[in-house]
1. Kindly check whether there is at least one residue in the range 150-167 that is in contact with a Gly (Cβ under 9 Å, 6 or more places away or on another chain), away from ligand 2 (no atom under 14 Å from the Cβ) and either within 23 Å of S427 (Cα to Cα) or not in a helix (DSSP H, G or I) (or both).
2. Which residues, taken from the range 108-145, are part of a helix (DSSP H, G or I), surrounded by fewer than 21 Cβ atoms within 10 Å (Cβ to Cβ) and within 9 Å of ligand 1 (Cβ to nearest atom)?
3. Regarding the range 153-164, can at least one residue be identified that is under 26 Å from E265 (Cβ atoms) and within 13 Å of ligand 1 (Cβ to nearest atom)?
4. Filter the range 115-149 down to residues that are without any contact (Cβ under 8 Å) to a residue 60 or more places away in the chain and more than 14 Å from A259 (Cβ to Cβ) and give me whichever is nearest to ligand 2 (Cβ to nearest atom).
5. If we keep just the residues of the range 401-438 that are basic (K, R) and without any contact (Cβ under 8 Å) to a residue 60 or more places away in the chain, which is nearest to A391 (Cα to Cα)?
6. Here are V347, V377, V404: which of them is more than 27 Å from D297 (Cβ to Cβ) and among the hydrophobic types (A, V, I, L, M, F, W, C)?
7. Name the residues in the range 372-402 that are surrounded by fewer than 17 Cβ atoms within 10 Å (Cβ to Cβ) and either modelled with pLDDT of 90 or more or in a helix (DSSP H, G or I) (or both), would you?
Amino acid sequence: MFIEEILQRLEEEIPQSEYERYIKQLRLDEERSKSDWIVFEAPNIFIANWVRAKYAKKMAQLFQLRTGMKTQVEITTPTTLPIQRTNPQWEPNPTPPSTKINPTYIFENFVVGSSNHFAYTAALSVAERPGKVYNPLFIHGGVGLGKTHLLHAIGNYNLARGRIVIYVTIEQFMNDFTYHLRNQSIEHFRQKYRKCDILLIDDVQFLSGKERTQEEFFHTFNELHTASKQIVLTSDKHPKEIVGLEDRLKSRFEWGLIADIQPPELETKIAIIKKKCELNKIELEDEVINYIATHMDSNIREIEGVINKLNAYSTLVNQPITIELAQSVLSEQRKEQEQSIQLQDIVTLVASELNIKPSEIRSKSRSRRTVLARRIVIYLARTLTPNSMPALAQFFGMRDHSTVSHAMRRIQEQIQKDPEFKLFIASLQHKIKRLSSP
Ligand code: ADP
Ligand code: MG
């Protein structure tokens, strides 16, 4: 194959340091690779996650450019089990590899503390007695706090017992639905989802405003529920707080049990870091672990990213991981994060939170909601990206930057007097940071 050629092109397009640290560590899995399905093995799950999140899509595009064939790139680790097809008759459609259940997300690898004890116990009960205890189970909480991990843990537990498990993000459900609508194979779609024993749906907050998908999902839900098949849902918000979600779905989501996950306390954070190091055979001194736990926020995915970087770096230069190295990786990570936040991503996020079209934010519309959305985008961009006021004015087609500074002031005032608004802005900042993290 022409793997060398593709990797060389990738090397030209990404920072040299990233190429050295991550891409160079990949090994082509020739046995499993096919012309339109390229499998690489990474030495550990951190590197695998990193490459998957940052470069898999790019690599797939490069392959596609070379061969003209739609290609998927899969990054595995030595512990990854063979790909699970939840339904053997199911022919692949655009269901990306991320629909697969991650075999390392099991209950045994989940560190329990008071912040997640309730959700953990609920998930375990549901895994042990699907359809019998709480139906549905609805898990909600902030980003990177382990919702997907618990969802997969329920999946793994039941796959091991021969049950038919389907795991999809709500976006994949939606894509699948539109795919079958277009191909006039909707019956196939319905059968697939209604034949499973356990349906695991991730990130249902994205149902917001998607009316047709909500309608279809409503019927799927009812059929499964009536047949006592277990449904588990996750979201970054409580059902009541999902704007643009039909009331009948909100009320169904509350039928069973709602469990939230809170950010981990320091102790749990430390225990999670230790667990991850143990699983990936990475050695970290207590001092370094404490440093990471106290200097990073509670997003475990981000913490993993940093450990990943530290490990890759120390392997590369063959030096132990010191606290100085941790400091420099942490500050580098912050810088990279700031640079990689795209204005358009902020626009898209704010539009979805306020339930308006992204194009409206950059239009000349003066409706109250649009004006507010625009101001919020400006505020977020100023606080999270290196964009200057004139650059923002240009982005919005404003005459000069006085409108930008006015917007900044208005949002600052509102943050000061309205605690709920302050929380809302903080949650947006959190989500944007997540967009740019691995
Ligand atoms: P969410 O879906 O809530 O955004 P994830 O489930 O994807 O978060 O978790 C992010 C990462 O953090 C995963 O790799 C997961 O294994 C890890 N993680 C989160 N909480 C825990 C925990 N309590 N114990 C072990 N790992 C955890
Ligand atoms: Mg998740």
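1. Yes; the residues of the range 150-167 include at least one that is in contact with a Gly (Cβ under 9 Å, 6 or more places away or on another chain), away from ligand 2 (no atom under 14 Å from the Cβ) and either within 23 Å of S427 (Cα to Cα) or not in a helix (DSSP H, G or I) (or both).
2. N109
3. Yes, the range 153-164 contains a residue that is under 26 Å from E265 (Cβ atoms) and within 13 Å of ligand 1 (Cβ to nearest atom).
4. Top of the filtered list is E128.
5. Per the stated criteria, the residue is R409.
6. Just one listed residue meets the conditions, V404.
7. Listed by number, the residues that qualify are T383, P390, A391, Q394, S402.
So that you can scan it fast, the table gives a plain yes or no per residue for (1) among the hydrophobic types (A, V, I, L, M, F, W, C); (2) more than 28 Å from Q25 (Cα to Cα); (3) out of contact with any strand residue (DSSP E or B) (no Cβ under 6 Å at 6 or more places or on another chain):
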| residue | (1), (2), (3) |
| --- | --- |
| L279 | yes, no, yes |
| L284 | yes, no, yes |
| M296 | yes, no, yes |
| I300 | yes, no, yes |
| N311 | no, no, yes |
| T315 | no, no, yes |
| K335 | no, no, yes |
| L349 | yes, yes, yes |
| R366 | no, yes, yes |
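The values are calculated or read from the model by the stated rules, or taken from the named source; none is laboratory data. As the structure is a prediction and not an experimental result, all values here were calculated from the model. No Cβ is skipped: glycine too gets one built from the backbone with ideal geometry, and neighbour counts run over all protein chains shown.
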